[in-house]
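*Asks:* Could you have a look at this structure, given as structure tokens, before my questions?
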Amino acid sequence: MQWSVEKLLKLYRLMFLIRTFEERCLRLSYQGQIAGSIHLCVGQEAVAVGAAEALQEEDLTVTTYRGHGHVLARGVDPYRAFAEMLGRRSGLCGGKGGSMHLTAVAQGVLPPNSIVAAGLPIATGVALAQRYLRRTSVVLCTFGEGALNQGAAHEALNLAAIWDLPVIFLCENNGYAEMTPAYSMIKGESFAARVRAYGIATYEVDGMDVCAVAEGTMQAVEQARAGQGPIFIEARTYRFLGHYQADPGTAYRSAEEVQRWRARDPLKLLRARLCEQQVDTERMLTALEEEVKAYLEECERRALADPWPEAEVLTEGVYASIQA
Amino acid sequence: MHPSRLNETAGQGSTAASSQEMRELSYAQAINVALAEEMERDERIILLGEDIGAYGGVFRVTQGLQERFGTHRVLDTPISEAGFLGCAVGAAMCGLRPVVEIMYVDFTGVAMDQIINQAAKLAYVSGGQVRVPLVIRTQQGARPGAAAQHAQCFEAIFAHIPGLRVVTPATPRDARGLLKAAIRCDDPVVFLEHKLLYSTTGLVPLAEEVIPLGRASLVRSGKDVSLFSYAAMLPVVMEAADRLAEMGVSAEVVDVRSLAPLDEETLLSSIRRTNRALIVHEAWRRGGLGAEIAALLQERAFDYLDAPVARVAACDVPKPFSPAFDAFYLPTVEKVVQAVLTLLR
Ligand SMILES: Cc1ncc(C[n+]2csc(CCOP(=O)(O)OP(=O)(O)O)c2C)c(N)n1
Ligand SMILES: [Mg+2]
């Protein structure tokens, strides 16, 4: 597939925005500004941006606690995402969701989940509703490789398969579930092989190459939209940081392994590709990075200045029609 | 006493006028009628469950619905409670109004994440960006010969969870009217039927009747003691009230029926009249709904209480198999009568 410089720059900007957003979040967490656990996707940005590139506006995303990238890649306002991470009234969910539930229905982002694999059954239902209501939307359901050891995941894969639902199951294989190496918990070498047993077509893509992810997902989306879903994609990727802010990510993996993956940093790979394609990109990318940095600094500053939620809203929204 | 006795007075507090035309239905038929009427009214309603379509449900509740509404609206599922309940949560968020049948409440154990962490939470954590208008129909309770994993009552578990509504009808009329309200509600509703009630019959209005969620029903007025109960314990309590009447004790009976949120005002106004309360439920005593009601009464009506609030409930053991245990394990008419007499001493 041919990628224009313009398109590649757009992808680069988005990946850089996600990287910078998360680095800022980590700093805010260390400063005690963000409460609780945060699970960053630094290193996995190409999966989020590539997958979102394949979606139309009407398509829906069901992601996880590690889904900040998927949320931002759908075009969600980083200021409101910061505000939610910070527990502010102006946050995406009014401060009731936080890092693990950055919801933005207007951008097609349904509530992300902090229960491993819970999103897979939900995504099947989202897809069932699309078909029932004769909408052409498809559902992008993202999860880690660890989720494929949950019963609910297998129930959902089977349901989606027997009902031919328009779901793209996007597995981000980053090699670890918390501190547990992925391949120590499955017999054999292949997650995709298990999924094929359900009668689902599978693709494997290089999760560090944003174009490869986008191309694979585009094909999957096309098939799902044509009624040939569900499709399973395994994106091979790596998280550069720990499982969460308190994990340095060093106890259970070697420095060489981390270095090997860092050498394939999705931002570096795309930068190299752009430089090959056009001579003066280096300068353009630097300017673009400066613009994004300034933009996010401003978003963060605004969010930090925002007020906390008022006590009155605590009991609102538990039920649709009454106060709890 | 036959449970149909309840229909003489049940349905009070509902929206129906008493002069209307009635027909006799079983509890199972009444649920079937509610499903059919609602599906006719609203195309967004779909049903999911095991053996509910072609076969019509293990308890025959969904009989004929797949034939009538099609396989796209009445979906037979694999034995995957977490899978299809989660599927219903997703569909509910995106414009459908699914009604899921979980064959036995005992099986909600394998789908609990989707009920407690998903259905109950997603509206709140999203700051109201999504709603989950989902009904989880299931049946619970003991019958002779049922053992530990097919005889439990889980209402207190569900009632504990903010975001869930919990309802349990005792009569065919309430079953139809409350299910219609549950289906129209924009929140997830756990609708607890009782296996012993399916074959009981009663009068149900021919006309539309939607019985609002969140309202208890005064089934029998009295002045000496309030008996708060629900579901299959109501016939037991009514028979106890008859016996007590013969002894000169006037018992008021309230069908709590909406367990979460509770109709606190109806319970409180009853206790203000009678000054004594006994709660009777088939679920275990420890941490049961009776504990919640007792706490409510002492918090909000302490000055009206002439005796400690009492409970009759199942013994805190797994339901044993042998029918010989049933009278020891379950609340009985005799236990209710004795508990009331103790209260009045
Ligand atoms: C049901 C459940 N069990 C355990 C956890 C704790 N937990 C959070 S993330 C995680 C690892 C998940 O690994 P994976 O699916 O590979 O996703 P990743 O974090 O690598 O993106 C675990 C065990 C959880 N959130 N939910
Ligand atoms: Mg992982």
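Residues are listed down the side, and each one gets a yes or a no for (1) of a type outside the set (D, E); (2) more than 22 Å from B:A314 (Cβ to Cβ):
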residue	(1), (2)
B:V210	yes, yes
B:A231	yes, no
B:D263	no, yes
B:I271	yes, yes
B:T274	yes, yes
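Per-residue answers, yes or no, for (1) within 14 Å of chain A (Cβ to nearest Cβ); (2) more than 25 Å from A:Y198 (Cβ to Cβ); (3) assigned to a strand (DSSP E or B):
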position: B:I46; (1), (2), (3): yes, no, yes
position: B:V61; (1), (2), (3): no, yes, no
position: B:H72; (1), (2), (3): yes, no, no
position: B:I79; (1), (2), (3): yes, no, no
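*Asks:* Continuing with this model, one more query. Restricting to the range A:165-180, what's the tally of residues that are more than 10 Å from ligand 2 (Cβ to nearest atom), hydrophobic (A, V, I, L, M, F, W, C) and in contact with a strand residue (DSSP E or B) (Cβ under 9 Å, 6 or more places away or on another chain)?
*Replies:* 5
*Asks:* Looking at (1) in a loop (DSSP other than H, G, I, E, B); (2) within 11 Å of chain B (Cβ to nearest Cβ), can you tell me which one A:V126 breaks?
*Replies:* (1)
*Asks:* Can you pull out every residue in the range A:181-202 that is within 10 Å of ligand 2 (Cβ to nearest atom) and open to solvent by 50 Å² or more (accessible area, probe 1.4 Å)?
*Replies:* Within the range A:181-202, A:P181 is the sole residue that qualifies.
*Asks:* What number goes with the only condition from (1) open to solvent by less than 40 Å² (accessible area, probe 1.4 Å); (2) under 22 Å from B:A123 (Cβ atoms); (3) within 13 Å of ligand 1 (Cβ to nearest atom); (4) out of contact with any Leu (no Cβ under 8 Å at 6 or more places or on another chain) that A:I115 does not pass?
*Replies:* Among (1) open to solvent by less than 40 Å² (accessible area, probe 1.4 Å); (2) under 22 Å from B:A123 (Cβ atoms); (3) within 13 Å of ligand 1 (Cβ to nearest atom); (4) out of contact with any Leu (no Cβ under 8 Å at 6 or more places or on another chain), the lone unmet condition for A:I115 is (1).
Condition check ((1) open to solvent by less than 20 Å² (accessible area, probe 1.4 Å); (2) part of a loop (DSSP other than H, G, I, E, B); (3) out of contact with any Leu (no Cβ under 9 Å at 6 or more places or on another chain); (4) assigned by TED's automatic domain parsing to the domain that holds B:R41) across all residues:
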| site | (1), (2), (3), (4) |
| --- | --- |
| B:E101 | yes, no, no, yes |
| B:Q118 | yes, no, no, yes |
| B:P133 | yes, yes, no, yes |
| B:A147 | no, yes, yes, yes |
| B:F158 | yes, no, no, yes |
| B:P162 | no, yes, yes, yes |
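*Asks:* Let me ask you something else. Considering each of B:G109, B:G86 in turn, give the residue that is closer than 18 Å to A:A117 by Cα and more than 9 Å from chain A (Cβ to nearest Cβ).
*Replies:* Selected residue: B:G109, the only one of B:G109, B:G86 that is closer than 18 Å to A:A117 by Cα and more than 9 Å from chain A (Cβ to nearest Cβ).
Residues are listed down the side, and each one gets a yes or a no for (1) assigned by TED's automatic domain parsing to the domain that holds B:E193; (2) out of contact with any Asp or Glu (no Cβ under 9 Å at 6 or more places or on another chain); (3) open to solvent by 20 Å² or more (accessible area, probe 1.4 Å):
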{"position": "B:R285", "(1), (2), (3)": "no, no, yes"}
{"position": "B:L289", "(1), (2), (3)": "no, no, no"}
{"position": "B:L297", "(1), (2), (3)": "no, yes, no"}
{"position": "B:Y304", "(1), (2), (3)": "no, yes, yes"}
{"position": "B:D316", "(1), (2), (3)": "no, yes, yes"}
{"position": "B:Y329", "(1), (2), (3)": "no, yes, no"}
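*Asks:* Starting from residues that are within 14 Å of chain B (Cβ to nearest Cβ) and in a strand (DSSP E or B), keep the ones in the range A:158-202 and report whichever is farthest from ligand 1 (Cβ to nearest atom). Even if it seems obvious, please write down each step before you answer.
*Replies:* Here is the first cut: in the range A:158-202, the residues within 14 Å of chain B (Cβ to nearest Cβ) are A:158-167, A:169, A:198-199.
If we keep only those that are in a strand (DSSP E or B) too, we end up with A:167, A:169.
Numbers: A:V167: 17, A:F169: 13 Å.
This residue is A:V167.
*Asks:* Going through the range A:124-164 one residue at a time, which ones are over 17 Å from A:A224 (Cβ atoms), away from ligand 2 (no atom under 16 Å from the Cβ) and crowded, with 20+ Cβ neighbours inside 10 Å?
*Replies:* A:A152, A:H154, A:E155
*Asks:* Suppose we filter A:G95, A:G91, A:G43 for residues that are in contact with a Ser or Thr (Cβ under 8 Å, 6 or more places away or on another chain) and either within 16 Å of ligand 2 (Cβ to nearest atom) or not in a helix (DSSP H, G or I) (or both); which single one remains?
*Replies:* From the options A:G95, A:G91, A:G43, the qualifying one is A:G43.
The values are calculated or read from the model by the stated rules, or taken from the named source; none is laboratory data. Everything quoted here is computed from the prediction, not taken from an experiment. Glycine gets a Cβ as well: all are built from the backbone with ideal geometry, and neighbour counts include every protein chain shown. Remember, those area values only see protein heavy atoms, side chains included, never the ligands or the DNA or RNA. Shrake-Rupley method; radii C 1.70, N 1.55, O 1.52, S 1.80 Å.
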